[in-house]
1. Could you order Ser159, Ser204 so the one with the most accessible surface comes first? Probe is 1.4 Å.
2. With a 1.4 Å probe and all protein chains left in place, how much of the accessible area of the chain comes from carbon and sulfur atoms, in whole percent?
3. log10 I(q)/I(0), Debye, Cα-only the chain, no solvent, q = 0.12, 0.13, 0.14 Å⁻¹?
4. With charges only on Cβ, +1 for K and R and -1 for D and E, what is the dipole size of the chain about its Cα centre, in debye, rounded to 20?
5. Quick check: pseudo-label points 7 Å beyond the Cα along Cα→Cβ at Asp200 and Glu169, how many nm apart are they?
6. Please work out the average accessible area per residue across segment 60-206, using the 1.4 Å probe convention, and give it in Å².
7. Stick to Cα atoms and the Kirkwood definition of Rh, then tell me Rg/Rh for segment 53-119.
8. Extending each Cα 7 Å along its Cβ direction at Thr160 and Glu68, get the distance between those two points in nm, one decimal.
Amino acid sequence: MTADVTTQPTGIVVLISGSGTNLQALIDATADAAYGVRILAVGADRAGISGLHKAAAAGIPTFVVRVEDHETRADWDVALAERIADHEPAFVVSAGFMKILGPRVLAEHVVLNTHPALLPAFPGAHAVRDALAAGATVTGCTVHVVDAGVDTGPVIAQSTVEVRPGDTEDTLHERIKAVEHPLLVTIVGRAAREGITVTDGKVSIP
């Protein structure tokens, strides 16, 4: 699938589940017209989270699609896909969205995700904790395209972070965020300005 991202600014939808620190980095970047990105809407799987407040403060429309409000996970997937499609984004950014996206969303949209580890190492929801438990000396963050697996999609870019003696999950995660935010901002901007193509499990940005 190919996202047509030739028109400036390129419209995107951002999905979140929590505090929205990656979202805020994107909001801050869009203040520069040269960045070429407009956040059309922010979607979440939970109401009342601080990330939605960040979006509202920036004047960005928001929507919430909760799994528990639908009879099946497939119904939720369809509803989420429809809410995203309402805004006609060029592509979608999963920025701390803690639900596995279903086949309807992935069939209709190119989705970029940021993950706090060097994939394929430490996939899943506890990447920072898992890196510490494994005794890793280096970890980092990855921006990749979402596929049907758990953090298994093709990698676009990565940044490394040293694991220091005495690190806790919180201290390590904060240092990962310090490189994760600019990496996500860079890749989203490049995808918006230059285009992103996903073909046969391979991803390219000109």
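1. Ranked from most to least accessible, the order is Ser204, Ser159.
2. In the chain, the share of accessible area belonging to carbon and sulfur is 53 percent.
3. For the requested q values the scattering log ratios are -0.58, -0.68, -0.80.
4. 320 debye
5. For the pair Asp200/Glu169, the computed spacing is 4.1 nm.
6. Counting only protein heavy atoms, the per-residue value for segment 60-206 is 48 Å².
7. 0.97
8. Label at Thr160, label at Glu68, 4.3 nm between them.
The values are calculated or read from the model by the stated rules, or taken from the named source; none is laboratory data. What you see is a predicted model, and the numbers here were worked out from it, not measured in a lab. As a convention, Cβ positions derive from the backbone with ideal geometry for all residues, glycine included, and neighbour counts pool all protein chains shown. Just so you know, the surface numbers come from the protein's heavy atoms only, side chains and all, with ligands and any DNA or RNA stripped out. Shrake-Rupley method; radii C 1.70, N 1.55, O 1.52, S 1.80 Å.
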